Every structure is written in structure tokens, then in C-alpha cells.
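K.L.:
I'd like to ask some things about the structure below.
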Amino acid sequence: MDFAFSEEQTQLRDALRRYLSQQYTFEARKKIIHGSGTSDAAWTGLAELGLMGVPVPEPYGGFSGTGVDMLVVMEELGRGLVVEPYFATAVMGAAFIKHGGSDAHKTALLPNVADGSLKLACALTEKQSRHELHNVMLSGTAQGNDARRSAAPDNGFSLNGSKTVVLHGAQADKLIVSARTSGAARDKSGITVFVVDKAAAGVTVHDYRTIDGMRAADVTLVNVGVGRDAVLGKVDEGYALIERVAQVGVAALCAEAVGCMAAINEQTIEYLKTRKQFGVVIGKFQSLQHRAAEMFMEFEQARSLAYLASVKVDSADAGERARAIHAAKVRAGRAIRFVGQSAIQMHGGMGMTDELAVSHFFKRISMIEATLGDTDHHLAAFAALGSVQENTTAQAAALTA
Amino acid sequence: MELNYTAADEAFRAEIRTWLNAHLPADLQAKVLGHRRLSKQEFLSWHKTVAAKGWVAPGWPVEWGGTGWTPTQKHIFDEECAGAGTPQIMPFGIAMVGPVIMRFGNEGQKRHYLPRILDGTDWWCQGYSEPGSGSDLASLKTRAERRGDKYIVNGQKTWTTLAQHADMIFCLVRTDPEVKKQEGISFLLINMKSPGITVRPIVTMDEDAEVNEVFFDNVEVPVENLIGEENKGWTYAKYLLGHERTGIARVGGSKRELAFLKSVAAEQQVDGKSLMQDMRFASKVADLEIELMALEMTVLRVVSAESHAAAQGKGGPGPEASLLKVKGTEVQQRLTELMVEAIGPRALPFHVDRFDDPAKGEAIDPLAAYYFNYRKTSIYGGSNEIQKNIMTQMILGL
């Protein structure tokens, strides 16, 4: 039982924090979000630090990083409020290839992810799907033969439909798209995951800003033809892959939220120590002190489960993995609301302004809560696990018998 | 980061569990698991059983009868004891006055008191709070006046837990009323059999008598019962507060109670199905379980940090100690709250005559009393509001 980070992890954290504090200042970020939305220079800088290679297995040019390595990276990207497409590409995109791709996919795509030359985006959400990733209506129709499962390997699919809030969809070279290849809209079976070239005929991407400074896109596919080699995993069995990748994404988002909340708490403490009213610094007021103590506790509790999730996300035990991931997102969600809203309140009018970083952090963590399943979504999933406290159940059962 | 226990830790856990299985009497275990009230003899017999094994004071140095366990092993021991349903080892001697005597007492005091704490000869209680001094403890008024080789003590302590069982009380007393309030306090050890001491029970809302008022009327205390220096008692009291901080969260006990809550709720009905199948109730339980998971990880983070600090010869309490107290008690209280919620109108019957015997009545009988009793946890040991003050002092440094 040891919560210490390794020397390599500490070095990575230090290097990344140094880079971001020098090259990715709040002012520089402001220019980026009001310009093209992402920065090629920053992407190159992050790639040179080796960041894209962290989740990529060594045989494909990466570092075979663990969930804890990714936690270190995401915490720092959160602390730096980075708006580059790292989550879309290196977290979600790379995880799809790693967990669902064939050797050919891995060989063709992962080295380019690792060196920063390939950007990916994941098109999962539809307008009606809310947090249900199995609510998929974009259709994948097998070509040439309606008995799909026995179709010849060269028989591909035609994709038709729309996706929304595709994070960094316009900045990506390739899109990973979930499609309904059989069954009804909310069936968990009958979903297939495809890799689609963004430049393919029939793909339209509408880019827009998100409220937290990122970019996202609506993606429409009209008769987009893809071959069998575009399928990640198995035809009709894509939902398990999507769930697995979403767990990787949730662990990363919880870590990012922890980085954001660390910064928020530091900024709020600093404000309480400098802002004066009634002739004293406002940190002298007990109502604010207690709120600050509660922010500290919320943050630490969220951090504890983000750590747990970062370790368990690599676990081979599906039950243990799901339990840690759901719990971490719920606890992060609770902390996000309290820490974020309290920080704005305690900054008073200044908290409302675009000028201070704290409002930007608040917007980012709030949108993290709404991404890949909100608090209620994960709470329901956690409750459905019917988790047991192994040591004591028998005793308690004996007692009530 | 390695969040699995080592093979050595698991072997240690197995050793503890095997021993508990063999030595925890079934009737005592049933009482603890059944939220029944324990007698002095029951607490003491368990204390002596654990003491005979040499495990009663894991936090003490080996030379005084400690175990030499690592912070992780101590945590495992606490967790196993709580999971099994052992009676609590009373903290007043082992966890409170013991470490103060060890750190600030003289050789004679150490040699006299420490072995008696260890083997259960002396039952200690804590004389801190007074009617006018709760959270503002340093305002305490109980006077100790030096006369020759004695102190004459006059005043009143209150909320003294299990004083009716106690042989000894450690007291904060005022020895200098002229100086700043923190600077005129001394730390005295007083024999409860001394003439002039009166113990009067305070009946709490669950009609239990856990706490007492203790009156001192010209009580003579030998000067050799003073710990450290006169007027330095506040420093010793603060040392005590920072001691043994990870156990304060009571994660093991709460895990046991969570399982109990689920088993109780599973047998209740709503809308024709089990209450645990009811989304509204199940969500509350899930939220609480997640809070407890987070608390367990926070405790383990502190344990891990303590291990690293101990290796480097550093240490000392940070704001985490207060966090563990606040979150630990919030979880404990929420558990009792949901138990009462689960059993609905069956919370009402008050069969106080059944509270000392698990064979009487049903498992749910003591739950409402348990809920009312547990409101104390956010008040005692430095109220949760005081803990927030301490946290902000540390975080803000104002």
C-alpha cells in the first residue's frame, strides 16, 4: 500500500508543469480559444515532452503508460486548463485502437498517435442519447448482402446519420464512430465501432466552441462507405468496447478535474488572504473559513477516488474496475459542484468575470461533470452493481437472520 | 502507486483474523454487532485479552509494550477488529493519557502508570470540558492551588465519558488565573477515589448514562501527579489532539455498519419490493458507500504519507486529521440516519430493557437509540465546526 508517485512520474509532472506555466499561460490560452481553438505549437510541445506516447504500447512507439501515468498527465493538463485535443486523441482515441483495434490498426495508427502526427476524435453521442452510449441511431448498413455476419470480408458498410458534441471532431484526422448495425436504437447489442477518415466522401463536420474553451463538432455522415477493415472489434459487439474505453475516459476526466480543483482551491485561498472588506482580509470571516475547509475536504475525497480509479482502470477484474470508475465519477461530480460554485461565490463579483482564471476552471469542471455520464448516471450504475462489503456481510446477515 | 496490500500485509491480516476468530467471545461479538450496551466488565475483559496477547497498544513504542507495527499494519489491525465486532479499546488510557505521559511525564510516572494502562488496572477518563468551556476549552475554570506538596482542586468537569467506571482522571486545571488563558493551565492526574470527588450521571436523549459531571470539592492531589511543568498543560493537551489520527475516521466500523444497513434495508418492503431495490433509497446508500470508499482511500493516503514521513524522521498532524474526524463522523451519522429511515415506523418502540442482551428482541430494536446517540460524534473530540477552524488555520495560515 503506497500512494507515492515514482521518480519518473514526478519528473513527468514537473516537466509538464514547467512547460505549461511558461508556454501555456492563461493569456496565451485566451488567444488560442478566441482564435482557431487549438495551438499547433502547443501540440508539438506536448508531443516533444512525450505526452502522446504515454498511453501507447511500447511496440507501437509509446511508453506503455499505466492509468497512474495518465492521471499525472491529466492532472497537469487540468491545472494548466489545456484545450488541446489530448483527451480526444491520446485518451479516448488511443484506447479505442488499443482495446479494439486489429494488429493492422495498431501498426497503422498508434505510432502516429505516439509522435503527435495523427489526431483522433470519438463520435459517440447523438442528440437523443444523453448519457447512454448504447443509444445509437446512426446506421451502418452492410453492403451487397443483408446477411451481414456471413458477408464476404470485402463487403463493407454504408454509414448514415449524425453525431453531436464530438470533442475536437474538426481538429481530428480520423473519427471513431459508433453505428447501429442491427437491433433497435437502445439495444446494447447491434452496435459496431468504425474508424472513418474525416476527409472521406459524405463526411460533414461542423466545428464550434464549447463553453469551457474547447472545440467540438456536429458530424453528419451521408452514404459514407467503409470497408470491413474499418471495424474496431467485432461487428454488432461494439458496445463492450465503448464501455471499456469510456472507463479509460472517465478515469482521465476525474484526474483532470482534480488538477482543476487543486488550482481553484489555491486561487480561492489566495483571494481570501488578500481581498479586504470591513478593514480585514475576508479569510478572517468564519463563514468563508468553513466553506474553504469544506472545499478542501471535498477536493481530498475526490482526489482519493481519482487515484483509486487510475489504478483500477487497468484491472482485469471487470467488477472491481466498474466499481472504482463509477465511484470516482460520482465523487468528482459532487466535489465539482461544491468546489466550483463555492469558489465563484467566495470571489464575489470578480468570480463572475471572464478576466479571472477561476471562472474558466469552473466552466471546465462543470462540463467534465456532464461528459461521459453525469453524477446521477454513475450513481445509478454504482447502485446497480449491488456491491458487497466482503468482510462483514456474513456477520451482518447472521445477525439479522 | 501500489494500492494492493503486500503478501506480508495479507499474511499479517490473516494472523490477526485467525486470532480474533479464536479469542473474541461469541456473546461479546453479538453484543457489539447488535448495537447493545456493554458493561465495564465486558470492556475490561476484552482489554485484558488483547493486552495478554501484547496487541492492546499498537501505537506505543516497543519498550513500553507497543507492537512495533508499521502504520499499514496498525490500520489493518484496526480494520480487522472493527470488521469482527470487537468491543472498542477505550482510548482514554491507551491513546490519550498514555502518549502524554510517555512524552512529557517523568520516569517515575512512566514506570507507575504505563504498565497499569496497558494491562487495564486503571480505567482512565478525560477531564477536559466544563459547563462554561466547551469548544473554548482554554477558558476552563477548575482551579488547582499549590499548598506544600499538594494541589487543592476545586471545580467541575462535564461530559466525562464513563467516569462512573474510572479509577483515574487526567485533568486540565487552572494553576495561574493571572496570565493569558492558555498559559495558566496544567495537566494533572487525579485518583477518582480521592475524597471530595463526586460523579453524577448525565442522562442523554437515548436514556443512556455514558457521560457524567465530575465535581471537585477541595480534592487533594499530590504534586507528583503533575505532568511536565506547571502552566504548560495546554501544550500537552494539543499534543494529545494530534496523536493517533488515522483511527479517528473509524472506516472499519463504518464498513461493518454499511453491510448491516444493507441487510436491514433488504428486508424492508416498498412498493412490493425490497427497499434496496428502491432507486431513491438505493441512491442514498450508494452515495454513502462512495463517501466511505473515498474516506478509506484518504485514510490510506495519510497512512502511506505517515510511513514515508516516519522513514524520514518527519511527522506531525496536518489538516488531514481534522478532515478524517469530520468526514468519518459524517459517514457514521449518515449510516445511523439511514438505518432509522429504513425501518420506518418500527423505529418507534423503545425497548430499553433489551439493550444489554442481543438474545432479547430483534436486531432493529436499538437502531433509533443508536441514531440519537450518534449525534454526539460531530460534537465530541473537538466539534466538527472547531475542526473546520483548525483546517482553515492550517490551510489559510491567518
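The values are calculated or read from the model by the stated rules, or taken from the named source; none is laboratory data. Keep in mind it's a predicted model, so treat the numbers as computed, not measured. Cβ coordinates were reconstructed from backbone atoms using ideal geometry, including for glycine residues, and neighbour counts include every protein chain displayed.
K.L.:
Determine if segment B:43-54 includes at least one residue that is within 11 Å of another protein chain (Cβ to nearest Cβ), buried (at least 18 other Cβ atoms within 10 Å of the Cβ) and of a type in the set (Val, Ile, Thr). Break it down into steps so the answer makes sense when it comes.
P.N.:
Kept after step one, since they are within 11 Å of another protein chain (Cβ to nearest Cβ), are these residues of segment B:43-54: none.
No, segment B:43-54 contains no residue that is within 11 Å of another protein chain (Cβ to nearest Cβ), buried (at least 18 other Cβ atoms within 10 Å of the Cβ) and of a type in the set (Val, Ile, Thr).
K.L.:
Just one of the numbered conditions (1) over 13 Å from residue B:97 (Cα atoms); (2) surrounded by fewer than 16 Cβ atoms within 10 Å (Cβ to Cβ) is not true of residue B:206; which one?
P.N.:
It is condition (2) that residue B:206 fails.
K.L.:
Tally time: how many residues in segment B:255-287 are of a type outside the set (A, V, I, L, M), out of contact with any strand residue (DSSP E or B) (no Cβ under 6 Å at 6 or more places or on another chain) and outside any helix (DSSP H, G or I)?
P.N.:
So the answer is 7.
K.L.:
Which of the residues belonging to segment A:278-316 are more than 7 Å from every other protein chain (Cβ to nearest Cβ), polar (S, T, N, Q) and in contact with a helix residue (DSSP H, G or I) (Cβ under 8 Å, 6 or more places away or on another chain)?
P.N.:
A:286, A:310, A:315
K.L.:
Kindly check whether there is at least one residue in segment A:330-345 that is within 20 Å of residue A:70 (Cα to Cα), more than 10 Å from chain B (Cβ to nearest Cβ) and basic (Lys, Arg).
P.N.:
No, every residue in segment A:330-345 fails to be within 20 Å of residue A:70 (Cα to Cα), more than 10 Å from chain B (Cβ to nearest Cβ) and basic (Lys, Arg).
K.L.:
Now a separate question. Considering each of A:192, A:181, A:125 in turn, give the residue that is at pLDDT 95 or above, assigned by TED's automatic domain parsing to the domain that holds residue A:225, more than 21 Å from residue A:225 (Cβ to Cβ) and crowded, with 21+ Cβ neighbours inside 10 Å.
P.N.:
A:125
K.L.:
Checking the structure you have, find out if any residue of segment A:372-392 is among the hydroxyl-bearing types (Ser, Thr, Tyr), more than 19 Å from the chain's Cα centre (by Cα), surrounded by 18 or more Cβ atoms within 10 Å (Cβ to Cβ) and at pLDDT below 95.
P.N.:
First, the residues of segment A:372-392 that are among the hydroxyl-bearing types (Ser, Thr, Tyr): A:375, A:387, A:392.
Those left that are additionally more than 19 Å from the chain's Cα centre (by Cα): A:387, A:392.
Going one step further and asking which of them are surrounded by 18 or more Cβ atoms within 10 Å (Cβ to Cβ), we end up with A:387, A:392.
Among the residues that remain, those that are also at pLDDT below 95 are: A:387, A:392.
Yes.
K.L.:
Looking only at segment A:103-116, count how many residues are of a type outside the set (A, V, I, L, M, F, W, C) and without any contact (Cβ under 8 Å) to a residue 60 or more places away in the chain. First the steps, then the outcome.
P.N.:
So the first thing to find is which residues in segment A:103-116 are of a type outside the set (A, V, I, L, M, F, W, C), and the list is A:103, A:105-107, A:111-112, A:115-116.
Next, from what is left, pick out any that are without any contact (Cβ under 8 Å) to a residue 60 or more places away in the chain: A:103, A:106-107, A:111-112.
Of the residues in that region, 5 qualify.
K.L.:
If only one of A:225, A:238, A:259, A:233 is surrounded by fewer than 16 Cβ atoms within 10 Å (Cβ to Cβ), away from every other protein chain (no Cβ under 14 Å) and either of a type outside the set (A, V, I, L, M) or over 24 Å from residue A:90 (Cα atoms) (or both), which one is it?
P.N.:
Among A:225, A:238, A:259, A:233, only A:225 is surrounded by fewer than 16 Cβ atoms within 10 Å (Cβ to Cβ), away from every other protein chain (no Cβ under 14 Å) and either of a type outside the set (A, V, I, L, M) or over 24 Å from residue A:90 (Cα atoms) (or both).
K.L.:
Looking at segment A:152-169, is at least one residue at pLDDT below 95 and among the small types (Gly, Ala, Ser)?
P.N.:
Scanning segment A:152-169, I find at least one residue that is at pLDDT below 95 and among the small types (Gly, Ala, Ser), so the answer is yes.
K.L.:
Are there any helices (runs of 4 or more DSSP H) wholly within segment B:292-398 with 1 or more residues that are in contact with a helix residue (DSSP H, G or I) (Cβ under 8 Å, 6 or more places away or on another chain) and of a type in the set (Gly, Ala, Ser), and if so which?
P.N.:
By residue number, B:320-343, B:367-373.
K.L.:
Name every residue in segment B:23-42 that is part of a loop (DSSP other than H, G, I, E, B) and away from chain A (no Cβ under 14 Å), in order of residue number.
P.N.:
Result: B:25, B:37, B:38, B:39.
K.L.:
Out of curiosity, is residue B:20 within 13 Å of chain A (Cβ to nearest Cβ), closer than 27 Å to residue B:366 by Cα and assigned to a helix (DSSP H, G or I)?
P.N.:
For residue B:20, the condition - within 13 Å of chain A (Cβ to nearest Cβ), closer than 27 Å to residue B:366 by Cα and assigned to a helix (DSSP H, G or I) - is met.
K.L.:
Filter segment A:180-213 for residues that are assigned to a strand (DSSP E or B) and farther than 23 Å from residue A:39 by Cα and give the result.
P.N.:
First pass over segment A:180-213, keeping only residues assigned to a strand (DSSP E or B): A:180, A:191-197, A:203-209.
Residues satisfying the conditions are A:180, A:191, A:192, A:193, A:194, A:195, A:196, A:203.
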